Amino acid sequence: MATFEVAGLRQAYGGRTVLAIDALAVEAGARLALVGPNGAGKSTLLRLLAFLEPPSAGTVTLDGAPVTTGAARRAARRRVTLVEQRPYLFRGTVEANVAFGLRAAGVRGPAVARRVGAALERLQLQGLRGRDARALSEGEIQRVAVARALAVEPLALLLDEPASSADRAAQQAMFAALADEQARRPLTVVFASHLLEDAYRWAGSLLALHQGVPSPVTPENLFRVDLPGGGPMQDVAVGPLRIVVVTERSGPATLAVAPDEIVLSAAPLVSSARNAFRGRIVRVAEHGAEMRVTIDVGIELVARITRQSFEEMALAVGREVVASFKSVAVKVF
Amino acid sequence: METEVLGIAALSLKVALTATVLACLIGIPLGFMLGASRLRGRRAVLLLLNTALAFPTVVIGLAIYGLLARRGPLGGLGLLFSWQAIVIAEVILALPIATALSAAAVQAVDPRVRRTALTLGAGPLRTAWAVAREARFALAAAVVVAFGRVLSEVGAALIVGGNIRHETRTLTTAITLATSQGNFSLAVALGLVLLALALTVNVLIQMLQGRGDV
């Protein structure tokens, strides 16, 4: 059964629609990443899935039951927990923080201490148990917040940009703890990230959002532009670059270049590709047999290549490469 | 003489504490509702409250006098010129303070506190308690300011209490009387007792607040 089912969901603030999802199902035990740039609607969707606010229209169904009333949302909040991007720890000790949800759920006596201990252990935080929550580092706050959320054993755990404030090692520990938890008991995880590398590494599935709407392409290489018009071939300014695009449209639009349409080469190619930009590799993410290589050519472009090509070309962060793609490979929507 | 001063001080304290407790019991929850809600008309209510903060105490005294006077709507209660009448007037004076200051305290709390409590499954009461804990310094300030207003109030206490010896004579009304009789040394002595009382209660509140800090 699906943990979440979303139908005709709309959220508007001050008359402006910030989220519009016609249908979405998140299966029980799934690990879904919401990806997209800032303002894409990721946090709004998480707050709606956490039942912290009512939608302007549409319904969210939790575990088969539509949640439509205030009372139903209150009940649903006992089964879904959100860890915000900058989590808030209450005044008091780490222990008191982790115990908060347990006490709210009516857990009393020695069971509280036992479950707090278990939750802290899962995040490797036993040493912080008696510490003042206000004296922790950002990464520690993040992990305590995750431990606090896991302590109540929710049906679904929602995380907003869980990696933004944690260092790389803390992040690994956190995602590993979540994977352990999912192996131990049924738990659905939905997390938002603007870093696609994290999404690809940790998620089982991916939902790309762009301006509040599910996007047909992954949000890599998405650019808001102003088409000059006078097509079919147009020279479009994207940051410091000019990208050649085939379209008859004019005015505001979004350009998308799929990562597998980008060819990397050591030197400029003699080819039919009308777009070729020289830049340096700034990030590399492994995802099974494929590599996602981010190149800074004045803007950041992500190319998807095989591990074999990556190794044969001896690519590495800092290496200079040429990224090429055909003008017909640029989607306009 | 000394026992009389002690009696006056005790009555002042009794009236002020009773009025502060009652005003806070009503005002703080009210402030919570105002501070946390997004209801229409909230701003208008806050504006009214802020106006009430500056309400002249003699006018309140007069209004209560009108209510409690023998021919007034509540005259049958026989409360005029009793210490309870002073408490009623002081509660009405302190209520806007307790409400407006606790509404401001709640509004100043990080919005994440409420969301965090809710997402961890807390009901409305536990959520309000979590917010109150985070706002407790500002809430304690509301209590202290309300108490200060009540303890130092003289106009309403004089009108509805009548400054009756051994019955409704408070420190402030006694000071007024002593001054008008030219007994300055007594007035100053009573003033010092009043100051000492205010200081002691504030220290106690601060100590209570400190103990709650984990």
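The numbers here are math on the coordinates, done by the rules we state, and not lab data. Please read these numbers as outputs of a predicted model, since none were measured by experiment. Don't worry about glycine lacking a Cβ; one is built from the backbone with ideal geometry, like all the others, and counts go over all protein chains shown.
Taken across segment A:125-136, residues that are under 15 Å from A:D180 (Cβ atoms), assigned to a helix (DSSP H, G or I) and in contact (Cβ under 8 Å) with a residue 12 or more places away in the chain do not occur at all.
When the residues of segment A:75-121 are filtered to those that are in a loop (DSSP other than H, G, I, E, B) and over 25 Å from A:L62 (Cα atoms), the one that is farthest from the other protein chains (Cβ to nearest Cβ) is A:G109. When A:A113 is tested against (1) in contact with an Asp or Glu (Cβ under 9 Å, 6 or more places away or on another chain); (2) buried (at least 18 other Cβ atoms within 10 Å of the Cβ); (3) of a type in the set (A, V, I, L, M, F, W, C), exactly one condition is not met: (2). Among the conditions (1) under 25 Å from B:R136 (Cα atoms); (2) part of a helix (DSSP H, G or I); (3) free of Cβ contacts under 8 Å to residues at least 60 places away in the same chain, the only one that B:G27 does not satisfy is (3).
Scanning segment A:242-278 for residues that are of a type in the set (G, A, S), in contact with a Ser or Thr (Cβ under 6 Å, 6 or more places away or on another chain) and not in a loop (DSSP other than H, G, I, E, B) turns up just one, A:A276.
Kindly establish whether B:I164 is under 29 Å from B:Q84 (Cα atoms) and surrounded by fewer than 21 Cβ atoms within 10 Å (Cβ to Cβ). Taking the combined requirement at face value, the residue satisfies it. Of all the residues in segment A:34-58, those that are within 14 Å of chain B (Cβ to nearest Cβ), outside any helix (DSSP H, G or I) and surrounded by fewer than 22 Cβ atoms within 10 Å (Cβ to Cβ) number 3. Considering (1) surrounded by fewer than 19 Cβ atoms within 10 Å (Cβ to Cβ); (2) within 20 Å of A:A208 (Cβ to Cβ), the lone condition that A:A276 does not fulfil carries the number (2). Residues that are within 14 Å of another protein chain (Cβ to nearest Cβ) and of a type outside the set (F, W, Y): does segment A:17-33 have at least one? No: segment A:17-33 contains no residue that is within 14 Å of another protein chain (Cβ to nearest Cβ) and of a type outside the set (F, W, Y).
Within the set A:T61, A:T69, A:T93, A:T81, the sole residue that is among the hydroxyl-bearing types (S, T, Y) and loosely packed, with under 15 Cβ neighbours inside 10 Å turns out to be A:T69.
Restricting B:E153, B:E167 to residues that are within 20 Å of the chain's Cα centre (by Cα) and of a type in the set (D, E, K, R) narrows the list to B:E153. Scanning segment A:164-194 for residues that are free of Cβ contacts under 8 Å to residues at least 40 places away in the same chain and either surrounded by 24 or more Cβ atoms within 10 Å (Cβ to Cβ) or of a type in the set (D, E) (or both) yields a total of 1.
For segment B:95-214, please list each of the helices (runs of 4 or more DSSP H) lying entirely inside it that holds at least 1 residues being away from chain A (no Cβ under 14 Å) and touching a residue at least 24 places away in the same chain (Cβ under 8 Å).
B:136-152, B:155-161, B:171-180, B:184-211
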